[in-house]
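Okay, structure first, notes after.
Values quoted throughout were computed directly from the atomic coordinates according to the rules given, and no laboratory measurement underlies them. The shown structure was predicted, so the numbers you read here are calculated from the model rather than taken from an experiment. Methodologically, a virtual Cβ is constructed for each residue, glycine included, from the backbone with ideal geometry; neighbour enumeration extends over all protein chains shown.
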Number of protein chains: 2
Amino acid sequence: MERIELANQKAVETMLAGDPVLVDVVTAGDVIPALTEAKLILHAGPPISWERMCGPMQGAVAGIAVFEGWATDLDDATKKAASGEFEFQPNHHHSAVGPMTGMTTRSQPVMVVLNRTSGNHAYCCINEGLGKVMRFGGNDASVLQRLAWLKDALAPLMSAAIKHSEGINLKNIVARGLTMGDEMHQRNVACSGLLLRELAPHMAAVSTDSKLLSEALRFMGSNDQFFLNVGMATGKAIMDPVRDIAHSTVVTAMSRNGTDFGIRVSGLGDQWFTAPVEMPEGLYFPGFSEADANPDMGDSTIVETIGLGGFAMGASPAVAGFVGAGAASDAAIFTKDMSEICCAENPEWSIPGMDYLGVPTGIDIRRVVDVGVAPTINTGIAHKKPGIGQVGAGVVRAPMRCFTDALRAFAVKEGVA
Amino acid sequence: MERIELANQKAVETMLAGDPVLVDVVTAGDVIPALTEAKLILHAGPPISWERMCGPMQGAVAGIAVFEGWATDLDDATKKAASGEFEFQPNHHHSAVGPMTGMTTRSQPVMVVLNRTSGNHAYCCINEGLGKVMRFGGNDASVLQRLAWLKDALAPLMSAAIKHSEGINLKNIVARGLTMGDEMHQRNVACSGLLLRELAPHMAAVSTDSKLLSEALRFMGSNDQFFLNVGMATGKAIMDPVRDIAHSTVVTAMSRNGTDFGIRVSGLGDQWFTAPVEMPEGLYFPGFSEADANPDMGDSTIVETIGLGGFAMGASPAVAGFVGAGAASDAAIFTKDMSEICCAENPEWSIPGMDYLGVPTGIDIRRVVDVGVAPTINTGIAHKKPGIGQVGAGVVRAPMRCFTDALRAFAVKEGVA
C-alpha cells in the first residue's frame, strides 16, 4: 500500500540522514534523571522482572548494586533485588543501550552520541574489555575495580579529549571500518583503532598525568571491541528519530534481555513484541560448550537494526570463522539474505569485497514474514551462571514470532486485519 | 632439477622463518658507516649515475643535499651533483630501503628492523605523509622542514618509545593487517593503526613534552601510509638472509630507480638484472594525467618480493579501485596469478576473503619465464618533474627482461646453458 511505502521511505531517509557524533562522556545520572530518583537499574532488552532474569543478568544486577553502594556484598544485593528494593527498566526507555546484561546506573560513565540531524542523544557505557566483565555477568572485585577505574580515571580523560576535539564523526569511522573487515558487532578492531588514532592526540593534549595517559592508551588500544559500545550508541542515536512514523513497518529496535527477544516497529510506536530468545550457534572458548551457554542477550542488536553486525557479514570474512558461520568466502551470503528483508541499501556504508554494495538498511517486518527469513545476529555468548563471563561467540536469529505478532498488530492498527 | 628445488625450499624456509621486529629509530650515519666517509647519497633501485636519474630523483637529490648542508640552495646542489661532488649508491647495498626516490643520508633518522632469526638489521626512513614530500621528488622549504621535524622531534620520541616496549612484532601486525584490508603497499591504514596503538602507550610513558606527544600522535595517526616504510624494512630484513643460497632461483629483491628496474636472485648473489622501468597504469589525482607521470620508482617493491602489495591484492578489494585495477571483487585474481609464479604460500600471512589462502611467497624466476607472467606491483606515481610530488597510484609489471636475463645467467652458472 502506498502509505506504507511512503512511510518506510521516510523511515529509511531518516536513518540515512542520521549524523552521529561522539560528543562527550558523562555520568549517567546527570543525563538520565530517572536514575537518581530511585534505585533504578537499566538493563538490556525489553522489560523484565527480577524473577525472570537469566543467571548472568542477575549476577550483573548484584554486582552493580554493590558498585552503587546499595548493598554490602553480592549476597546482600541478591536478597535486596529479590525483595524488590531495586527498580528495573530497559535502557531503551531512556535513550540508552548496553551490551549483554547492559547495566546502566547513576554513577557509571556513559558515552554520549549526538545525532546532529535530529538533535537527539544516545548513551552507552564504556566497553570493559574481554575476560571477566560485568556485561557478561561478571561481578567480583576485579570487575568492580575496573568499573571504578573507568569512572574515575578513563571517563574524565575521554571527556576532556572529546571536548578538545570537535567531536568524533562516527558515520565516517563506520564507513572506513567496513572497508577494513569490521562488521561492528563481533569485530571492531578497525573502528577501535580508527577511534583511538583520532582521540589519542587530544588525550595527549589535555592529559596532566602521563601515567594515566599511558594506561588509558593501553586499555583502549588493547581492546579490539572498544568501539562496540560506541557503535551501539550510534545505532540508538540513528534509530530513535525513526521511532514513531505512522504507517511504517520498519523495525526501530531489536533487543534481548537473555530471556525475551523484543522488537519495536516505527508505525507501532514504543510497543515491544517479544518472544523467547534463541540459543546462538557458534564456537566456544576452550573448556566451554553449548551446555554452559546462556541464550541470546543484549542491546547490541541495535547494530543489526542499522545494517551492521550480521547484516554486514560480507564486509568481514574473518568474523565468519570466529562466530562459526561457515567458510569466510560465504560471509557475503548473509548480507545478501538480509538485503531480502530490508527496504534499502546504505550508499555511505558499503562493502568493497561485494563491489561496494551498501549494507541492508531498514528491516521491514512485512518482508521478514513474507520471505520467511529472520534477521541474522552476530553475538557474544555468556555463561549461563552469574560471575563467569564470556564463553564463546556465534550467530543467532531473531525469533520469527516477534515479527508475525508485530505484523498482526500492524494490520489491526491499519484496519486491514 | 632437485638441487634447485632443495635450494628454493631453503630460500622459502628462510623467508617464512624470518622474525622481523621494530627495535629502534637511529641516525642513519650511525649504522651505515659509509654515509659518513663521503658525501654519499643512497637512492632507490639498482645503481644509477646522476645523468641517468629521472626528474623527481634529481629533485630529491638536490633537496637532500641542501638538507645535509652540502649546498646552499637547490641550484647549487644541482650543480654540485652534476659536477660529481656527491656519491650515489643503492640503499640495497647498505641493508636499507627507501620508498620512491628513496633518499638515505647521514643525518636522517631510520627505523631499525631486526630479523631475530638471522640477526640481521634493515633500515628505512620514516614516512613523510602525503602531499609534497621528498620521496616523490618534493624539495622545497616545507619538505625540508618536515624532514627536520622527523629528525629532531619524532625520531627521538619513537626511539625512546620503542625501547620502552620490548620491540614491535611486525610479523603479527602484517598478519592482522591482511585481515583488515591492507596489502601493505598502497594500503597501510590498518597496519598504521595497529602500530600506533602498540606504540602510543609507550610514547606517553616516555614523553616529557605533551605538545610534541600530541603532534606526534596526530602525525602518525593521520598518515594512512605510515606503516609502508616499516613494511619495507620488514621486507628487507626478511630477504637479506636469502641473498646467497647456491642454486636457488628465488628473487631476493625487486627495485626501481625511476629509470631502471632491477632484480636480484638468490643463487646469483648480489648481481642486478636490469631493464627499463615501465609506466604504471592507474588513476590520477584531479588535475593530473599520464602525461605528467614518471615511470615506476622506489625500493617499495620489496613488499611484493615477500608476497605483499600486488601479490596480496586479494586481501584488499578496496585498493583495487584506488590503483585502477578493476572491480573490487576481481582483486583475488591478482593474488591467484602471483601464486602461479611463486614457490609457496605463507601460512602465517593469509587472506580471509580467499578462505585463508596464504600470500604467494618466493618468486621463482623459472616460473615467471615459464608462465610468462611478470610480478604485479601496486605503486604510487610521481610527477616526472622535480619538486611536484605524487600524482596518482596504479599497477605496473616488473619488466620480463629482468627475469629472462637472470634465468640465462643462472643457466650459464649452473652449466646447463
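Brief remarks follow.
- Compactness ratio for segment A:26-234: Cα radius of gyration over 2.2 N^0.38 Å (N = residue count) comes to 1.01.
- Cross-link partners for A:Lys385 among the aspartates and glutamates, with Cα-Cα distance under 16 Å and sequence neighbours closer than 8 places in the same chain left out: A:Glu51, A:Asp75, A:Asp140, A:Glu290, A:Asp292, A:Asp296.
- Amide proton proximity set for A:Ile41, modelled H, under 5 Å, gap of 5+: A:Glu87, A:Phe88, A:Gln89
- Order by protection proxy (mean Cβ within 10 Å, highest first), peptides A:268-276, A:98-106: A:98-106, A:268-276
- GNM flexibility winner over chain A from A:Ser192, A:Ser159, A:Ser207 (Cα, springs under 10 Å): A:Ser207
- Of all residues in chain A, the one whose Cβ lies closest to the rotation axis carrying A onto B, together with that distance in whole Å, is A:Gly193, 2.
- Residues whose placed amide H lies under 5 Å from that of A:Asn120, excluding near-sequence neighbours: A:Asn115
- Around the amide H of B:Glu128, modelled in the peptide plane, lies no amide H under 5 Å away from a residue 5 or more places distant or on another chain.
- Exposure proxy order (Cβ contacts within 10 Å, fewest to most) of A:Asp75, A:Asp240, A:Asp364, A:Asp405: A:Asp75, A:Asp405, A:Asp240, A:Asp364
- Using distinct alpha-carbon pairs, which all enter the 1/r mean, Kirkwood radius of segment A:148-214 in Å: 12.8 Å
- Taking every DSSP bridge with both residues inside segment A:26-234, close to 55 percent are antiparallel.
- With the largest listed first and rounded to whole Å, the semi-axes of the equivalent ellipsoid of segment B:237-285 from the Cα gyration tensor are 26, 12, 8.
- For segment A:1-91, the normalised intensity computed at q = 0.17, 0.19 Å⁻¹ comes to -0.79, -0.88 (log10 of I(q)/I(0), Debye sum over alpha carbons, equal scatterers, no solvent).
- Neighbour counts of C-beta atoms inside 10 Å place B:Thr259, B:Thr249 in the sequence B:Thr259, B:Thr249, starting with the fewest.
- Copies compared at B:Gly167 - label distances in nm, ascending, label defined 7 Å from Cα in the Cβ direction: 4.6
- Cα centroid of segment A:299-358 to Cα centroid of segment B:290-335, whole Å: 26 Å
- Compactness of segment A:230-335 - radius of gyration and Dmax, Cα, Å: 15.4, 50
- Calculated translational diffusion coefficient of segment A:112-154 (25 °C, 0.890 mPa s; Stokes-Einstein with Kirkwood radius over alpha-carbon pairs) equals 205 µm²/s.
- Calculated P(r) of the protein assembly as shown - Cα pairs past 53 Å, %: 19 percent
- Cα pair distances in segment B:202-247, grouped into 10 Å bins until the bin that holds the longest one, percent each: 22, 29, 26, 15, 7, 1
- Ordering of B:41-47, B:250-256, A:344-350 by burial proxy (mean other Cβ atoms within 10 Å per residue, highest first): B:250-256, B:41-47, A:344-350
- Of all aspartates and glutamates in the structure, those lying under 12 Å Cα to Cα from A:Lys39, and not within fewer than 8 positions of it along the same chain, are A:Glu68, A:Glu85, A:Glu87.
- Pairs beyond 27 Å (Cα-Cα), from A:Lys10/A:Lys236; A:Lys79/A:Lys384; A:Lys151/B:Lys171: A:Lys151/B:Lys171
- 7 Å along Cα→Cβ, label-point gaps from B:Ala82 to other copies, nm, shortest first: 9.4
- B:Leu130 versus A:Asp76: modelled label distance in nm, points set 7 Å from Cα along the beta carbon direction: 5.8 nm
- Debye intensity ratio I(q)/I(0), log10, segment A:164-266, q values 0.12 Å⁻¹ (C-alpha model): -0.53
- Counting from the shortest, the label point at B:Pro47, 7 Å from Cα toward Cβ, is 8.5 nm from the same position in each remaining copy.
- Considering only Cα atoms, the convex hull volume of segment B:328-417 works out to 146 Å³ per residue.
- Top of A:Ala71, A:Ala291, A:Ala398 by mean-square fluctuation, Gaussian network on chain A, Cα under 10 Å: A:Ala291
- Put in order of Cβ neighbour count within 10 Å, fewest first, the listed residues A:Phe334, B:Phe285, A:Phe261, A:Phe67 become B:Phe285, A:Phe67, A:Phe334, A:Phe261.
- Segment A:242-414 shape via C-alpha gyration tensor axes, a/c threshold 1.5: oblate
- Only Cα sites of chain A enter the Debye sum here, all with the same form factor; the resulting log10 I(q)/I(0) across q = 0.07, 0.09 1/Å is -0.29, -0.49, listed in q order.
- Pairs of Cα atoms nearer than 8 Å and 6+ residues apart set the relative contact order; for chain A it is 21 percent.
- Legend: helices of chain A (whole DSSP H runs) are marked when their alpha-carbon atoms reach 24 angstrom or more along the helix axis and their mean Kyte-Doolittle hydropathy is at least 0.0; marked are A:189-206.
- Peptide A:187-196 - average C-beta neighbours from other chains (10 Å radius): 4
- Neighbouring Cβ atoms from other chains, within 10 Å of the Cβ of residues in A:172-179, number 2 on average.
- Average beta-carbon neighbours from other chains, 10 Å sphere, peptide A:320-327: 1
- Normalised radius of gyration (Cα atoms, divided by 2.2 N^0.38 Å) for segment B:42-144: 1.08.
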